[in-house]
1. Considering only the stretch 232-349, give the strands (runs of 3 or more DSSP E) lying wholly within it that have at least 1 residues that are surrounded by 15 or more Cβ atoms within 10 Å (Cβ to Cβ) and polar (S, T, N, Q).
2. Within the stretch 152-163, does at least one residue satisfy the condition of being over 24 Å from Leu308 (Cα atoms), acidic (Asp, Glu) and not in a strand (DSSP E or B)?
3. With respect to Phe263, is the statement that it is at pLDDT 95 or above, touching a Phe, Trp or Tyr at 6+ places or on another chain (Cβ under 6 Å) and under 26 Å from Ser217 (Cβ atoms) true?
4. From the residues in the stretch 152-187 that are farther than 27 Å from Val322 by Cβ and in contact (Cβ under 8 Å) with a residue 60 or more places away in the chain, which one is surrounded by the fewest Cβ atoms within 10 Å (Cβ to Cβ)?
5. Of all strands (runs of 3 or more DSSP E) completely enclosed by the stretch 1-118, which ones contain at least 1 residues that are closer than 27 Å to Ala184 by Cα?
6. Which one is surrounded by the fewest Cβ atoms within 10 Å (Cβ to Cβ) among residues in the stretch 119-135 that are in a loop (DSSP other than H, G, I, E, B) and among the small types (Gly, Ala, Ser)?
7. Across the stretch 73-114, which residue is surrounded by the fewest Cβ atoms within 10 Å (Cβ to Cβ) among those that are polar (S, T, N, Q) and under 15 Å from Phe53 (Cβ atoms)?
8. So which residues in the stretch 188-209 are surrounded by fewer than 17 Cβ atoms within 10 Å (Cβ to Cβ), at pLDDT 95 or above and either hydrophobic (A, V, I, L, M, F, W, C) or under 17 Å from Ala12 (Cα atoms) (or both)?
Amino acid sequence: MSRGPNVTVAGAGALGLSAALALAKAGCTVSVCDPARGAQASAVAAGMLAPVFEAILEPTGARDLGLLLAARNLWPDLAVRTGITIERSGTAAVGCQDWLAVIRTQLARHGMLGSELPRKMLESLVPGLAGNLDGLLLREDWRLEPRAALLALRRAAEGEGVTFKSEAMVERGRADWLVVATGAGQDLVSVAPELRELRPIKGQILRFMDRRGGRISVRADGAYAVPGSDGLAIGATMEPGRNDTTIDPVTLRPLIEAAGRLFPDLAQAAFDVSAGVRAATPDGLPMVGLSQTPNVILAVGARRNGWLLAPLAAQIVTACVVGSDSGPYARQLEPSRFKGVSGETGRAQ
């Protein structure tokens with residue numbers, strides 16, 4: 001008895017695994033192909049589900065706040081179904097009062113208010129934070145543990161009958177549908193020419209293994225700090241155009257200095273470094289939806305919001321395959337929005 005369309009998902013990061021799970025639950029026969037070479041960006045990430053700070057700290061973020069919040073609101077249900085733990089204690093903006101005034105103004109534009117954190121409370125929530133920093137708590141931004149979440153998604157997918165193959169996809173294959181969730185990879189560009197629109201962004205992140213951090217995440221001017229079971233993460237560099245995962249001491253230096261400014265006792269502390277490569281589109285939003293190639297779907301280009309956008313992308317991908325309602329944000333993420341300028345694809349003018 002057929003379960004429905006046969007779907008191959010290329011890529012086992014946050015977007016690929018979330019899509020595979022959603023497709024399997026919708027009755028599809030699903031296989032996931034990933035060569036598993038090197039660190040995935042999804043595993044290297046800090047795991048922030050941060051729609052509000054992404055909106056107020058990014059130049060074009062205000063445009064996308066509704067979409068980012070909608071994606072975050074899909075996470076509680078996915079977390080229950082997969083056993084992923086979502087930490088909802090919130091995130092604190094920390095810095096001088098001049099910078100915090102800018103944050104307050106940005107929040108007010110969206111009808112939001114942060115909670116002022118008295119110094120004693122700030123110290124209890126974020127032990128070791130520099131004494132010259134003030135804080136503003138925002139409850140809307142959450143976090144998860146990326147490596148544990150990847151494992152939970154894979155186990156849930158396997159429980160729904162998804163099969164996994166340790167191989168790279170370099171051609172269309174024989175499945176009814178192909179979902180391209182390969183990050184910045186270009187192996188399938190002949191199948192999905194929209195991939196030419198992607199640009200790699202290398203990110204390096206520090207982890208202080210002897211520090212688990214406090215109860216909440218921290219966003220500062222130019223850096224963040226996220227507690228986790230594998231150490232306090234300080235990140236991250238943003239290196240456009242770089243497609244390597246080589247650890248680069250020169251570009252790391254400002255991040256190391258930022259760690260010392262946030263937590264003075266880390267100035268001479270030992271840390272590990274990991275690097276991943278994200279993919280970004282010209283407008284900062286991912287491409288999720290139908291390719292110009294029949295029966296090929298893209299779920300790529302989430303920049304640093306792969307974890308945040310994963311359940312929304314999975315919803316749209318599944319709708320493309322089974323013909324259901326893709327929701328109010330699908331049009332905003334359509335790959336075809338870049339068509340018509342530079343050859344086969346290009347940013348629409």
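1. Working: elements: 232-235, 272-280, 287-290, 296-300.
By residue number, 272-280.
2. no
3. The answer is no for Phe263.
4. Step by step, filter the stretch 152-187, then rank; the result is Ser166.
5. Ranges flagged: 6-10, 29-33.
6. Gly131
7. Checked the stretch 73-114; the qualifying residue surrounded by the fewest Cβ atoms within 10 Å (Cβ to Cβ) is Thr105.
8. Val189
The values are calculated or read from the model by the stated rules, or taken from the named source; none is laboratory data. Just so it is clear, the structure is predicted and the values come from calculations on it, not from any experiment. We place every Cβ from the backbone using ideal geometry, glycine too, and count neighbours over all the protein chains shown.
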